[in-house]
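Just below is one structure, and these are the notes that go with it.
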Amino acid sequence: MGRRATQPIPSHLRAAFYAAAWSIAATGKVTREDGSIRDVAAECGRCRRITRRHGLAVLWATACALRFSELARLRVAAVSESGLSALIERSKGGVDHRVGVARGLIAETMRWRSECSESFLSPLLLPARTGAALSLKAFNRDACGLFRGLFGIELTSHCLRDTACQQAMADTGDIRVAQTLLGHRSVRTTEVYVAKQDARAYQVPLWVPDEGPSPPAPLPTTRGERGEGSLRVFDPERGVA
């Protein structure tokens, strides 16, 4: 059985979603709509450093269109602070390449690492508490679970890669840009990827009546009233007239 299909973060939630991710990455807290502060780290009963790492991981996974395996093995040495980029080692036969990364994300990540205890420190950029690689099961449960609770959406690690793909297409309209970002060797793979996203995002447009009462729809007439070309009317007692 293949991996369960995922979908991007809904476009109308993205601004709030990533604003929350940045805030959690920096402080472990988010701001409610009424302006009050919600301490999500305390609510989850988690160490603030772990909660902040959740926010950073979500940001990195989206910024670089990472599969979870690529996120888990991303190393500090792969990140160029001067070049504002990261060398991504793609899995599934993808092309290793550099992806541009926002200065703020690199700076916030390095600040987080500088505040971590020695047990956190490892060659990996976003390690687990012990310095080992992140676990997919734990990430989907804890990091994605945190944002599922905040926004009430279905979310797994792959949804972030889906979001990056859809956003690249929305911003540029160039499938080659999406191909490069996702690290696909063939644009055909990207075409399939984008087509799936388009299919999931499609919604049948329904006719919406104007305000005010609508006139009753006219009933089809009988053959005798309109001639041989008229619609036939179904009579429940006699069948088709």
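The values are calculated or read from the model by the stated rules, or taken from the named source; none is laboratory data. Since this is a predicted model, take the numbers as computed values, not measurements. Cβ placement follows ideal geometry from the backbone for every residue including glycine, while neighbour counts extend to all protein chains displayed. Note: areas computed on protein heavy atoms with side chains; ligands, DNA, RNA excluded. Shrake-Rupley method; radii C 1.70, N 1.55, O 1.52, S 1.80 Å.
The residue that is most open to solvent (accessible area, probe 1.4 Å), counting only those in the stretch 23-35 that are in a loop (DSSP other than H, G, I, E, B) and at pLDDT 85 or above, is Lys29. When Ser91, Ser82 are screened for being without any contact (Cβ under 8 Å) to a residue 40 or more places away in the chain, in contact with an Asp or Glu (Cβ under 9 Å, 6 or more places away or on another chain) and part of a loop (DSSP other than H, G, I, E, B), only Ser91 passes.
Residues in the stretch 112-132 that are of a type in the set (Phe, Trp, Tyr) and in a helix (DSSP H, G or I): Trp112 only.
Quick check on the stretch 51-69. Is at least one of its residues open to solvent by 40 Å² or more (accessible area, probe 1.4 Å), of a type outside the set (Phe, Trp, Tyr) and part of a loop (DSSP other than H, G, I, E, B)? No - not one qualifying residue is present in the stretch 51-69. Annotation: Thr109 fulfils all but one of (1) outside any helix (DSSP H, G or I); (2) modelled with pLDDT of 95 or more; (3) not acidic (Asp, Glu); the unmet one is (1). The listed residues are Gly131, Gly45, Gly55, Gly93, and the only one of them that is out of contact with any Pro (no Cβ under 8 Å at 6 or more places or on another chain) and modelled with pLDDT of 95 or more turns out to be Gly55.
In summary, helices (runs of 4 or more DSSP H) completely within the stretch 133-200 and bearing 2 or more residues that are in contact with a Leu (Cβ under 9 Å, 6 or more places away or on another chain) and within 24 Å of Val95 (Cα to Cα) occur at 157-172. Screening Asp174 on (1) of a type outside the set (Gly, Ala, Ser); (2) surrounded by fewer than 18 Cβ atoms within 10 Å (Cβ to Cβ); (3) at pLDDT below 90 shows it passes everything except condition (3).
Conditions (1) open to solvent by less than 10 Å² (accessible area, probe 1.4 Å); (2) more than 19 Å from Leu13 (Cα to Cα); (3) of a type in the set (Asp, Glu), marked per residue:
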position: His97; (1), (2), (3): no, yes, no
position: Gly104; (1), (2), (3): no, yes, no
position: Glu108; (1), (2), (3): no, yes, yes
position: Ser117; (1), (2), (3): no, yes, no
position: Gly145; (1), (2), (3): no, no, no
position: Leu150; (1), (2), (3): no, no, no
position: Ala170; (1), (2), (3): no, no, no
position: Glu191; (1), (2), (3): no, yes, yes
position: Ala199; (1), (2), (3): no, yes, no
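A Cβ distance below 8 Å, combined with a sequence gap of six or more or placement on separate chains, defines the contacts here; from the stretch 112-126, residues that are closer than 17 Å to Thr51 by Cβ reach residues that are of a type in the set (D, E, K, R) and open to solvent by less than 20 Å² (accessible area, probe 1.4 Å) in the pairs Trp112/Arg52. Contact annotation: residue pairs with Cβ atoms under 9 Å, 6 or more positions apart or on different chains, pairing a residue in the stretch 1-18 that is closer than 15 Å to Arg67 by Cα with a partner that is modelled with pLDDT under 90 and among the aliphatic types (A, V, I, L, M), are Gln7/Ala201; Pro8/Ala201. Taking the numbered list (1) in contact (Cβ under 8 Å) with a residue 40 or more places away in the chain; (2) assigned to a helix (DSSP H, G or I); (3) more than 20 Å from the chain's Cα centre (by Cα) in turn, Arg46 passes all entries but (2).
Which one is nearest to Ala26 (Cα to Cα), of the residues in the stretch 119-128 that are open to solvent by 30 Å² or more (accessible area, probe 1.4 Å) and touching a helix residue (DSSP H, G or I) at 6+ places or on another chain (Cβ under 9 Å)? Show your work before the answer.
Filtering the stretch 119-128 down to residues open to solvent by 30 Å² or more (accessible area, probe 1.4 Å) leaves 119, 121, 123.
Then keep just the ones that are touching a helix residue (DSSP H, G or I) at 6+ places or on another chain (Cβ under 9 Å); that gives 121, 123.
Details: Leu121: 18, Pro123: 21 Å.
Looking at residues that are open to solvent by 30 Å² or more (accessible area, probe 1.4 Å) and touching a helix residue (DSSP H, G or I) at 6+ places or on another chain (Cβ under 9 Å), I get Leu121.
Could you look through the stretch 79-93, keep only residues that are touching a Ser or Thr at 6+ places or on another chain (Cβ under 9 Å) and under 17 Å from Leu182 (Cβ atoms), and pick out the one that is surrounded by the fewest Cβ atoms within 10 Å (Cβ to Cβ)? Among residues in the stretch 79-93 that are touching a Ser or Thr at 6+ places or on another chain (Cβ under 9 Å) and under 17 Å from Leu182 (Cβ atoms), the one surrounded by the fewest Cβ atoms within 10 Å (Cβ to Cβ) is Lys92.
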